[in-house]
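The structure appears right after this line, and notes come after that.
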Amino acid sequence: MNNVKRLSEIEASPLQRCVTGFEELDWIYGYSVFSNRTEWGLPQGKISLWAGQCGVGKSRLCIDVAKNIAKSHVGAKVLYFQTESPLSDFASWTTDTASYPNIFCSAEDKIDKIIEIIYQVRPHVVFIDSVNAIEDFSGNAKSTDRLIKGIGDKPGLKKVISDIGGHLILLGQLNQDGKTIKGGTSLPHMVDVALDIVHFHKACFYVRV
């Protein structure tokens, strides 16, 4: 049969992963088994959507994960797009900024420029805080396709993350119903992992998978 293989004929390739510094979060993402080790956490080359209502602590969680990765992974680079607040405010939230020379920050909110910067920095993990503030994203199917898949000769986030082998985390706000993402319903179906952040405070957080 053309274009058909038996499952037993397909060689499984474990995904490289990046631990977040939160055991519960790494457990949610799962693990990959290599011949000499087991890796937990964020799968490389994939996109996550972390959504939650305003004020539940999404940005705080992202900042702590970014700091954990920057500290624990030798040579790792983290890229954080803060599209909703001035970078000076973002720096004040992180505290002790001098300790994190491998965290790169940008206030860029246009998708073409965001992708260009990702290719330039080639980070291990990217945060976009938040997807709702990207200028080109309105939440409809067309803008979601542009964001994730790309259009014409312009790549989307899926290609750039696959090319650099990193993991991308999009932050999104939920509507008051706590179920649908602000701006549209297409996005959760086009990412690899979608989590609802119900509450985060320091080392304690609750999510819905």
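Couple of notes before you dig in:
- Mean separation of Cα contacts under 8 Å (6+ apart) over length of the chain, as relative contact order %: 26 percent
- A 1.4 Å probe run over the protein chains yields, for the chain, 54 Å² of accessible area per residue, whole-number rounding.
- Alpha-carbon centroid distance for the pair the range 48-103 / the range 1-24, whole angstrom: 29 Å
- Surface composition of the chain: carbon and sulfur atoms hold 51% of the protein heavy-atom accessible area at a 1.4 Å probe.
- Charge dipole of the range 1-94 about the Cα centre (unit charges at C-beta), most positive-ward option of ASN2, GLY30, LEU15: ASN2
- Overall form of the range 1-58 per C-alpha gyration tensor (a/c, 1.5; a/b vs b/c): oblate
- With bins 5 Å wide beginning at 0, the percent of Cα pairs of the range 20-94 falling in each bin runs 3, 12, 20, 26, 19, 11, 5, 2, 1, 0.
The values are calculated or read from the model by the stated rules, or taken from the named source; none is laboratory data. Computed from a predicted model, the values in this text were never measured in an experiment. Cβ atoms come from the backbone with ideal geometry, glycine included; neighbour counts cover every protein chain shown. What goes into the accessible areas is simple: the full protein's heavy atoms, side chains included, and nothing from ligands, DNA or RNA. Shrake-Rupley method; radii C 1.70, N 1.55, O 1.52, S 1.80 Å.
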